[in-house]
Amino acid sequence: MVLTISSELMAESGAKIVISDIDLKESEKTAAEISKKFKVETAVITCDVSKKEEVDNLINKTVTKFGKIDILVNNAGIYPSVRFLDMSEDDWDKVIKINLKSVFLCSQAAAKVMQPGSKIVNISSIASFVGFQGLVHYCASKGGINGMIRALALELAPKKINVNGVAPGAIDTPGSREGSNEETRKQTIAMIPWARMGTPEDIACVVVFLASEESDYITGQILIVDGGWTIQ
């Protein structure tokens, strides 16, 4: 949902859009809707972002079609709840591969072909700052992303490539609604100073800002978008 709205906002500004996911059907539907609505070129490339050969294929096909890559948004993420003492090695590995390894693979492949002025935007989470029971692997993966953002921003600064992140709080999406009941939602909202859950648009607008020329002098930062949850 966040990626779709971010893509729409970027397309509204004239950006050509590449959507990559393991769900080809849904990606094709989204790309077609964006292309029709905003009159921009789009492409869909199936990719398991935890696998280097598929990521390399994604980047190569993107450059072949559009000639360059100006913006990379790393948005892949899963958050299966498992209590730590019951967590298997496979549980841990799957989350780390999809949430963290994918950022390494995609950022490295894209940075090799990016020109000065390009942007890398990573989706982190307030779970990198606040602990959540049942999500030790998820919290670790998002904390890893934050550390990677700062180090990568230093390495890519000479190339004038910005690297930043967005750390969403509780966002009202179809996925979050499926995993909670009304009482849980009320408890969550009670912890947020703004007294509401965030929307996908709240996150998408920040992603687009960090992908724009307006953020040229910002790098190595994680912008927390959580309605004030983590300032308490």
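The values are calculated or read from the model by the stated rules, or taken from the named source; none is laboratory data. Keep in mind the model is a prediction, meaning the values are calculated, not measured. FYI the Cβ positions are ideal-geometry reconstructions off the backbone, even for glycines, and counts take in every protein chain you see.
Of all residues in region 32-43, exactly one satisfies the criterion of being closer than 25 Å to residue 98 by Cα and surrounded by fewer than 20 Cβ atoms within 10 Å (Cβ to Cβ), namely 43.
Checked against the criterion of being part of a loop (DSSP other than H, G, I, E, B), within 24 Å of residue 95 (Cα to Cα) and among the polar types (S, T, N, Q), the candidates 20, 50 yield just one match: 50. Scanning region 203-228 for residues that are more than 18 Å from the chain's Cα centre (by Cα) and either assigned to a loop (DSSP other than H, G, I, E, B) or under 12 Å from residue 163 (Cα atoms) (or both) turns up 216, 217, 227, 228. Within the set 69, 34, the sole residue that is in contact (Cβ under 8 Å) with a residue 12 or more places away in the chain and either of a type outside the set (A, V, I, L, M, F, W, C) or part of a helix (DSSP H, G or I) (or both) turns out to be 34. Given the criteria touching a helix residue (DSSP H, G or I) at 6+ places or on another chain (Cβ under 9 Å), surrounded by fewer than 20 Cβ atoms within 10 Å (Cβ to Cβ), among the hydrophobic types (A, V, I, L, M, F, W, C) and more than 22 Å from residue 59 (Cβ to Cβ), does residue 111 qualify? Against the criterion (touching a helix residue (DSSP H, G or I) at 6+ places or on another chain (Cβ under 9 Å), surrounded by fewer than 20 Cβ atoms within 10 Å (Cβ to Cβ), among the hydrophobic types (A, V, I, L, M, F, W, C) and more than 22 Å from residue 59 (Cβ to Cβ)), residue 111 does not qualify. Wholly within region 134-192, which helices (runs of 4 or more DSSP H) include no fewer than the required count, namely at least 3 residues that are more than 11 Å from residue 122 (Cβ to Cβ) and hydrophobic (A, V, I, L, M, F, W, C)? Output list reads 136-156. The single residue among 192, 224, 161, 145 that is at pLDDT 95 or above, surrounded by 15 or more Cβ atoms within 10 Å (Cβ to Cβ) and touching a Gly at 6+ places or on another chain (Cβ under 6 Å) turns out to be 192. Checking each residue of region 86-101 against the condition of being buried (at least 19 other Cβ atoms within 10 Å of the Cβ), under 20 Å from residue 215 (Cβ atoms) and at pLDDT 95 or above gives no match. Cβ-Cβ distances below 9 Å connect no pair with a first residue in region 152-170 that is without any contact (Cβ under 8 Å) to a residue 12 or more places away in the chain, a second residue that is among the hydroxyl-bearing types (Ser, Thr, Tyr), and a separation of six or more residues or different chains.
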